[in-house]
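Q: First, the structure itself, so that you have it in front of you.
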Amino acid sequence: MKEKLVCIGNGMAGIRTIEELLKLAPDQHEITVFGSEPYGNYNRILLSPVLAGEKTIEDIILNEKEWYQENNITLYTNYTVTVINRGKREVKTDKGINVKYDRLLIATGSNPFIIPISGSELTGVVGFRDIQDVHNMLDMAGQGKNAVVIGGGILGLEAANGLMQQGMQVTVVHLLDNLMEQQLDKTAATLLQLSLEKRGLKFLMAAETTAILGERNVTGVRFKDGKEIPADLVVMAVGIRPSIKLAQQAGIYCERGIVVNDTLQTFDPRIYAVGECVQHRNQLYGLVAPLFEQAKVCANHLANLGYARYEGSVVSTKLKVTGIDLFSAGDFQVKEDSDELIFQDPSQGIYKKLVIENNRIKGAVLYGDTIDGSWYFGLMRDNVDISGQRDRLLFGQAHLGDSGHGKTAMAMSDDTEICGCNGVRKKDITDAIIKKNLFTLDDVRSHTKASSSCGSCTALVEQILSFTLGSEYTNSPKTKPLCACTEYTHADIQKVIKEQHLITIPAVMHFMDWKTPNGCHVCRPALNYYLICTWPEEAKDDSQSRFINERIHANIQKDGRYSIVPRIWGGITNPKELRALADIADKYNIPTVKFTGGQRIDLLGIEKQDLPAIWGELNQAGLVSGHAYGKALRTVKTCVGSEWCRFGTQDAISMGIKLEKLAWGSWTPHKFKLAVSGCPRNCSEATIKDFGVIAVDSGWELHVGGNGGIKVRVTDLLCKVTTQEEVLEYCGAFIQLYRETANYLERAAPWVERIGLTYIKEQVVQNATTREELNDRFLLSQKYAQKDPWQERATGGVDQHEFNFLPTEAV
Amino acid sequence: MSNNIRVGNISDIPSLGARVVKTEKGDIAIFRTEDNKVFALINKCPHKDGSLADGIVHGHKVTCPLHNWNINLEDGKVVAPDEGCAEHFVVNVDAEGNLFLQL
Ligand code: SRM
Ligand SMILES: Cc1cc2nc3c(=O)[nH]c(=O)nc-3n(C[C@H](O)[C@H](O)[C@H](O)COP(=O)(O)OP(=O)(O)OC[C@H]3O[C@@H](n4cnc5c(N)ncnc54)[C@H](O)[C@@H]3O)c2cc1C
Ligand code: SF4
Ligand code: FES
């Protein structure tokens with residue numbers, strides 16, 4: 001017999017929970033849903049654009065009635081549950097239906113708070129919560145009529161903007177002298193008020209409403225100082241109250257909301273609660289992102305899986321008023337032990353404030369330029385030490401989201417190309433968010449392909465998303481799982497592999513309750529890397545968990561052929577090698593021979609079956625794999641240095657070759673590049689390499705965390721050393737620290753920013769013992785890694801099946 | 001009579017891997033999943049002709065190496081939200097593990 005699950009509330013949190021539950025356990029429950037409203041579940045967030053006439057009700061329906069039928073859910077719309085009888089395990093409704101439950105889900109949301117003053121019951125006084133409210137407002141709206149919105153928070157301002165779009169004269173009345181005081185400081189609030197005034201809204205600040213005037217219909221509003229203004233419509237948007245009466249009457253423990261634990265269970269363990277009606281760890285949430293996280297965890301327990309925990313959310317908000325760019329997250333009040341960083345450009349209408357405590361971002365308010373909102377939000381959520389980038393922080397994540405687009409996404413026209421890799425326009429993204437009900441960056445990526453290739457437009461896509469939905473949806477869980485196959489983060493997994501001494505992928509998946517039989521293209525390569533990095537002596541490389549390039553040691557091309565780049569040690573070659581390359585290119589008809597951007601030679605357009613033979617001939621000339629295909633050590637660029645150059649201070653070429661001999665063959669979380677320059681003119685571009693060495697007269701400067709590519713980042717200076725031996729030791733230690741603590745596919749530049757230069761200096765520079773240990777571990781793992789994969793395949797008999805077709809035989 | 005060809009043995013294909021066989025219908029990728037099932041798809045991704053045999057196999061799916069579309073091995077259908085279908089062939093496995101491809 002199926003378990004009976006009853007859900008009270010047909011809103012965003014309740015139905016999301018059921019959707020998540022159906023994904024996990026489609027047949028476990030007989031589900032009944034009660035909703036007071038006459039509709040299927042809809043996207044409440046988008047009521048604001050409906051009011052403004054930018055969208056229709058049909059646009060915002062999330063689940064049509066057919067969806068309930070298809071999933072065998074009994075839906076009672078227009079039914080309000082009036083009693084929960086916990087003894088009989090039964091709910092009663094206003095229309096006389098009683099339904100028994102084995103488990104109950106309360107998702108009753110909240111109600112608009114109506115200030116108890118005289119006149120608040122008059123026709124023409126409305127809240128702003130549901131479709132009915134919007135209908136009421138639209139019925140009363142009309143050119144030139146007067147609307148008064150009480151409350152200058154997000155909801156009030158979005159209502160006011162909507163009514164103004166409908167042609168009304170709108171006055172916003174606010175009790176304090178600071179709009180959106182929950183989200184904005186005084187400066188940002190003033191900028192916001194000025195620009196809303198420019199658009200035609202009127203404001204009465206620090207004004208207390210004492211009565212609403214009129215006989216049957218509203219005619220005006222009176223304030224404490226006796227002043228009166230005319231009104232045909234009054235919108236109360238002074239706050240919401242969690243809808244907990246039903247739970248209270250059933251004896252379920254409530255404070256401000258229904259109190260739940262980390263598994264979303266109430267005081268009665270058969271009864272779960274999610275959404276705005278809930279109080280979790282003393283927090284109430286009024287945004288959708290945290291409710292969706294609750295829904296996921298709740299579904300996990302309803303499906304009897306029992307491992308997920310909800311640990312609270314960090315939230316951010318945006319105001320959905322077209323043309324106004326505003327972002328707020330965390331605690332923006334400056335307290336005793338915090339300080340603030342401020343950037344102000346009044347003529348451009350830009351204001352940015354970050355509140356910093358203990359070198360961590362605690363809050364952010366951005367006005368006029370919010371492109372870095374999600375970056376700050378990520379730094380805040382991940383509790384990143386920002387001391388290393390404090391001086392640059394306010395200027396934003398350099399070159400973020402564009403190579404010259406400059407403007408914020410909201411200022412761009414609908415036709416602007418946002419994603420240059422996949423040719424996705426702004427309009428394609430906004431349309432998909434609305435029509436396909438997308439909520440997260442991952443949703444947008446998979447539906448539109450925007451931001452799914454090189455990722456440089458991610459910030460723009462996030463901006464469009466958060467503007468359309470009014471909040472940061474991508475980053476809000478406090479922890480981000482490695483991929484959809486697991487609940488665990490990169491760091492959790494690395495820790496478990498080490499502590500539990502796991503050495504195979506199936507062992508990790510088994511121990512950590514993987515949700516899929518053998519993972520996916522995201523987690524398998526990551527696990528394979530973590531295993532061989534942690535247990536170089538024991539773990540066996542799993543080639544089926546490698547991306548094709550690393551599986552067959554060449555770069556796949558768009559037409560399925562391959563390219564190969566032999567290692568050119570420190571950029572030095574000789575006639576013998578060049579002759580061999582020329583002969584091979586002739587013999588195998590290699591269509592393109594190219595100098596790469598990394599001082600090497602690329603042979604492009606090779607058929608897969610020809611690879612082993614070509615590698616064999618390259619080997620004979622002394623040439624080995626350059627790992628141009630791997631998350632591995634790539635090039636070591638050098639300049640001419642003191643051997644020939646009139647400015648050279650040290651022998652950059654020999655240093656580069658030694659470094660390359662040290663580090664070749666190593667697998668790293670992302671690709672790893674080095675360079676050595678012979679003097680501070682820095683001709684080998686060492687300051688945009690993962691590890692860069694610059695010779696000076698008295699020794700060598702070591703620079704770390706540089707990156708060319710998508711987002712240019714200049715290195716930080718790690719330290720200065722005197723001898724070549726020291727350069728090698730520090731380099732080994734640095735690579736090993738990166739190998740052990742970075743997430744898979746996290747390049748050194750973002751890793752340095754996340755983990756902090758201070759920590760890296762501690763481990764690699766200040767503490768000689770940790771440096772030595774790191775370097776020793778690196779050398780140990782190199783013993784197993786430094787085998788030329790081309791030789792193994794050309795003459796060593798490894799993986800021959802990759803290069804041959806299956807035999808066929810007629811039968 | 002359907003056109004059957006013998007295409008080697010299941011042991012020729014690594015678990016969670018694939019091999020290509022040349023046929024008159026073009027290159028066909030033969031996949032072996034972890035549960036030792038064998039599937040065959042035309043070796044052309046419905047997106048931009050990527051070589052599916054070079055993808056990562058997981059469950060009864062393969063991820064195309066070029067742009068990460070996921071393709072269902074059982075019927076060649078592309079996993080939503082992407083759309084498309086790769087031609088799918090029947091492979092029979094006899095008791096000794098010999099593979100017979102129906103064209
Ligand atoms: C061959 C080469 C271009 C060339 O002809 O010069 C090249 C080719 C590719 N690069 Fe590169 N990169 C090449 C030098 C560079 C450089 C310049 C350098 O190393 O000095 C950069 C910028 C420096 C840097 O990395 O910081 C560079 C930044 C990238 C990036 C962006 C990485 C980033 O962190 O921002 C990618 C994408 C990625 O790795 O995810 C990429 C990815 C690629 C891939 C592998 C794309 C792919 O995944 O298939 C290209 C393979 C092309 C093909 O079909 O064969 N390539 N790539 C260069 C090989 C150098 C070598 O000798 O090994
Ligand atoms: C105009 C507006 C704009 C918003 N903008 C944003 C935004 O930009 N970003 C953001 O993240 N959030 C926004 N929100 C907030 C967001 O919509 C809510 O946080 C979210 O809808 C709460 O989900 P819920 O399921 O808890 O409650 P609801 O979605 O309100 O669902 C609760 C449902 O339960 C029903 N119900 C209550 N009691 C009973 C009962 N006894 N029996 C049967 N049914 C019952 C109610 O009628 C309601 O339909 C906005 C809200 C509004 C009103
Ligand atoms: S070689 Fe690099 S820059 Fe050129 S197209 Fe390929 S990935 Fe882009
Ligand atoms: S060719 Fe397969 S995903 Fe693009």
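Q: Can you list the lysines whose alpha carbon sits under 18 Å from that of A:LYS100, skipping same-chain ones fewer than 8 residues off?
A: A:LYS2, A:LYS4, A:LYS88, A:LYS92
Q: Right, here's the next one. Dividing the convex hull volume of the Cα atoms of the protein assembly as shown by its residue count, what figure in Å³ per residue is obtained?
A: 199
Q: Over chain A, what is the relative contact order in whole percent, taking alpha-carbon pairs under 8 Å and six or more residues apart?
A: About 8 percent, as a whole number.
Q: Per q in 0.13 Å⁻¹, report the Debye log10 I(q)/I(0) for the stretch A:142-252, using one uniform scatterer on each alpha carbon and no solvent.
A: With one equal scatterer per Cα and no solvent, log10 I(q)/I(0) is -0.53.
Q: Also, I was wondering about something else. Multiply the residue gap between A:THR322 and A:ASP391 by 0.36 nm, knock off their C-alpha separation, and tell me the result in nm, one decimal place.
A: Full extension of this stretch gives 21.6 nm more.
Q: Right, next: Quick one: helix A:724-741 against the long Cα principal axis of chain A, what's the angle to the nearest 10°, folded into 0 to 90?
A: Compared with the principal axis, the helix lies near 40 degrees.
Q: Which of the aspartates and glutamates could a cross-linker span from A:LYS576 if the Cα-Cα distance has to be under 13 Å and same-chain partners fewer than 8 positions apart are dropped?
A: Output for A:LYS576: A:GLU617.
Q: Please quote Rg/Rh for the stretch A:1-152 to two decimal places, taking the Kirkwood radius as Rh and restricting both calculations to Cα atoms.
A: We get a ratio of 1.03 for the stretch A:1-152.
Q: Then there's this: 222 nm [θ] for the protein assembly as shown, helices only, -39500 (n - 2.57) per DSSP H run of 4+, per residue, to 500?
A: Theoretical 222 nm ellipticity from helices: -8000 deg cm²/dmol.
Q: Around A:ALA211, which amide H atoms from residues at least 5 apart in sequence, or from another chain, sit under 5 Å from its own amide H, with H modelled in the peptide plane?
A: Amide H to amide H, under 5 Å and 5 or more residues apart or across chains, A:ALA211 pairs with A:ARG222.
Q: Let me ask something else about it. I'd like to compare B:46-52, A:14-20: which one has the highest average count of other Cβ atoms within 10 Å, and what's the full order after that?
A: Answer by packing, highest mean first, reads A:14-20, B:46-52.
Q: Then there's this: For B:HIS58, which sequence-distant residues (separation of 5 or more, or a different chain) have an amide H within less than 5 Å of its own amide H, given hydrogens modelled in the peptide plane?
A: Residues meeting the criterion, in which the H sits 1.01 Å from N, are B:THR63.
Q: Now for a separate question. Within straight cross-link reach of A:LYS352, meaning Cα distance under 13 Å, which aspartates and glutamates are found once same-chain residues fewer than 8 apart are removed?
A: Within the straight-line limit of under 13 Å, A:LYS352 reaches these aspartates and glutamates: A:ASP185, A:ASP325, A:GLU340, A:ASP369, A:ASP372.
Q: Peptide B:65-74: average number of partner chain Cβ atoms within 10 Å per residue?
A: 3
Q: Mind checking the angle between helix A:523-534 and chain A's longest principal axis? C-alpha axes, 0 to 90 degrees, to the nearest 10.
A: Between helix and principal axis, roughly 50 degrees.
Q: Kirkwood hydrodynamic radius (Cα pairs, Å) of the stretch B:15-89?
A: Final number for the Kirkwood radius of the stretch B:15-89 is 11.7 Å.
Q: Tell me the relative contact order for chain B as a rounded percent, counting alpha carbon contacts under 8 Å between residues six or more apart.
A: Relative contact order for chain B comes out at 28 percent.
Q: May I pose another question? Please report the antiparallel percentage of the DSSP beta bridges confined to the stretch A:676-811, to the nearest 5.
A: Antiparallel: roughly 85 percent of the beta bridges in the stretch A:676-811.
Q: Right, next: Taking a 18 Å limit on the Cα-Cα distance, which of the listed pairs A:LYS673/A:LYS711; B:LYS22/B:LYS44; A:LYS65/A:LYS449; A:LYS55/A:LYS436; A:LYS637/A:LYS673; A:LYS540/B:LYS61 fall beyond it? All intermediate terms of the calculation are to be shown ahead of the outcome.
A: Details: A:LYS673/A:LYS711 15 Å; B:LYS22/B:LYS44 13 Å; A:LYS65/A:LYS449 30 Å; A:LYS55/A:LYS436 14 Å; A:LYS637/A:LYS673 8 Å; A:LYS540/B:LYS61 24 Å.
Cα-Cα > 18 Å for A:LYS65/A:LYS449; A:LYS540/B:LYS61; rest within.
Q: Something else about it: What list of ³J(HN,Hα) couplings, whole Hz, do you get for the stretch A:675-686 from phi and the Karplus terms 6.51, -1.76, 1.60, once you set θ to phi - 60° and write x for glycine and proline?
A: 7, 10, 10, x, 6, x, 5, 6, 5, 8, 6, 5
Q: Taking just the alpha carbons, could you work out the radius of gyration and Dmax for the stretch A:642-754, both in angstroms?
A: Radius of gyration, then largest Cα-Cα span, for the stretch A:642-754: 13.4, 43 Å.
Quick note: the coordinates plus some simple rules give every number you see, no bench work behind them. Since the structure is predicted, the reported quantities are computational estimates derived from the model, not experimental observations. Cβ coordinates were reconstructed from backbone atoms using ideal geometry, including for glycine residues, and neighbour counts include every protein chain displayed.
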